[in-house]
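Heads up: the structure comes next, in structure tokens.
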Amino acid sequence: MVRYQFKIVAWCLIHVAGNRGGANFILNEWISVLSSNPTEAVISVFVHQIRDAGVIAGDGATQDIFKHLTEISLKRCSDILSSSAQSFGDSSPAYVPIDSFAKFLLALGRILNDPNRRLHRGNLTGVVAKAITNCALEEFRSQRNQFDQRPYHRLLVDIVVYLTEPTASLDPNDTLQYKVLHSVASVLHTLQPSHVPAFAFAWLEVFSHRCFMPRLLQVRNGWPLMDGLLYDLLLFMEPHIRLNDMAEPVTSLYKGILRVLLVLLHDFPDFLSENHVHLLQAIPSQAIQIRNLICSAMPRAIRPPDPFTPNLQVDLLPDVRRPPAMKTDVNQILSSVIRGSSNLRVDLESWIQPPGPQNPVPPLFLDSLPNSLLDNPSGRGEFRFNNSVLNALVIFMANADLATWHSRQNSPAESSILSRKSIELFVSLSVNLDPEGRFQLFSALANQLRFPNAHTHHACTILLFLFRELQPQDSPGHIQEQITRVLMERLILLKPHPWGVLITFIELIRNPQYNFWAYEFVRAPSDINSIFQSVARNCLNPQQVWIRFPFL
């Protein structure tokens, strides 16, 4: 009773001393309670006294107190870490203020587990998340290279471990768990490596934590958040990979990203598959291993045939008539490209449809199309052409052809998935684009060479058609060599290799109608020739290689 009356007097002092003084008192008192190995009954008494004192009423004073609690616990930890030159392990006393604060949030979670309350576990975590973000940004602006990421890493990990783990003392609630994860995701987005590079390694650890990434991906609502965070991470690596600025810390971070992508490919392939278009926008052309990992993802329900199966007829597979699920709105991307008083999507739709009074065809559409694909006309940067628009154009044409495929099958001349308009468009671009633009176009097509689906079949058919029909005299840009380069650079790396890339390249080297081995670039320098020999032996058994291509 004496202890209880002392607390009541203390609460009165809190309101006199102000929110920061009250927050300091609460943290000290809570640390003192934890140091005595309290029972659940003791913790319950403490929490109910907090509630009775109005600390968790949900008003502005509540937000101020928890903002100060966050700042105080981070400051105490940071001061201890910076005051000693010795390294601290996970069980260091320096983390006691942060761990205690996180356990305090857990204890409050017992009575804040109702999403209908004015203050619940989810929005309480939002207040704490905002305070963490402000503290980290302020310290980074003032400290820069001396920024210490450890306190922020510890508190974020504690939050995702304590406040999302269903236990006997914390009832599982999907809504509140998602709100907690959403709050942490908002912190990571604001403190993304591009904004706070000194937080990059801690950022990656929190992002890939077993209590964060898997739980965020268990519900569909979490996929957009994970997509955005993964995009932030890849966007940070983009200039380092493009400029080959792979110092030791950057290389370590790159290896960590590969491991995260491997986990996603194994455990959440549907997520990677549906968001591949958006994620590929964040990586440069040199990041082929990352590109392969993303493009190798396929829905769990898909069981593709072995690409090395003799006489495999891809066009007879039932999956090639179904478009893949994807989150990116390609119509919106094309609509953002302004063409006079219209935009690229509207002009494409008008050009595809038969001309008539209600459907005027844009004049010289194909002639002006290359200029609409330009992103950086000055030539500065990696490429002059917009990769996002090229990827969207490829998918748009695949969807348009798929929509008319069934009706066109009655005509033997148009029974292929490719419509005449698609052939006309891609032939025109292949001939009229410069070598750089063609490389990006073929790369955009190769990005759709994934698992068995309509887009893979469409892109594969286009590339094979261009390889066979466009002869060297049609363009000085060596179209066959560029198509081969785009495919080969994805196959000479370590597995996984996208299924669509494999079946396309195998068709090129197996089918004599493409006359692949007669081209001069295949026989060019000895080091290039040895690469072709190696890939051919992996794609064909030795007897097939020897009989068909005796020079190997």
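The values are calculated or read from the model by the stated rules, or taken from the named source; none is laboratory data. These figures come from a predicted structure and were not determined experimentally. Note that we place each Cβ from the backbone using ideal geometry, even for glycine, and neighbour counts take in every protein chain shown.
Numbers for the structure displayed
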quantity: Which listed residue is modelled with pLDDT under 75 and closer than 23 Å to ALA287 by Cα, from GLY381, GLY356; calculated: GLY381
quantity: Hey, VAL361 at pLDDT below 95, surrounded by 12 or more Cβ atoms within 10 Å (Cβ to Cβ), hydrophobic (A, V, I, L, M, F, W, C) and over 29 Å from GLY500 (Cβ atoms) or not; calculated: yes
quantity: Selected residue (criterion: nearest to GLN146 (Cα to Cα)) from residues of the range 198-208 that are free of Cβ contacts under 8 Å to residues at least 60 places away in the same chain and buried (at least 17 other Cβ atoms within 10 Å of the Cβ); calculated: ALA198
quantity: Filter pass, ASP319 being exposed (fewer than 14 other Cβ atoms within 10 Å of the Cβ) and of a type in the set (Asp, Glu); calculated: no
quantity: Filter pass, GLN192 being crowded, with 19+ Cβ neighbours inside 10 Å, touching a residue at least 12 places away in the same chain (Cβ under 8 Å), over 18 Å from LEU81 (Cβ atoms) and within 16 Å of the chain's Cα centre (by Cα); calculated: yes
quantity: Given (1) part of a helix (DSSP H, G or I); (2) aliphatic (A, V, I, L, M); (3) closer than 18 Å to SER194 by Cα, index of the condition MET246 fails; calculated: (1)
quantity: Test set (1) part of a helix (DSSP H, G or I); (2) free of Cβ contacts under 8 Å to residues at least 60 places away in the same chain - CYS460 fails condition number; calculated: (2)
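Matching residues to (1) in the same structural domain as GLU40 (by TED's automatic domain parsing); (2) within 23 Å of LYS327 (Cβ to Cβ); (3) over 17 Å from the mean Cα position of the chain (by Cα); (4) crowded, with 20+ Cβ neighbours inside 10 Å:
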position	(1), (2), (3), (4)
PHE212	yes, yes, no, yes
TYR231	yes, yes, no, no
GLU248	yes, no, yes, no
SER252	yes, no, yes, no
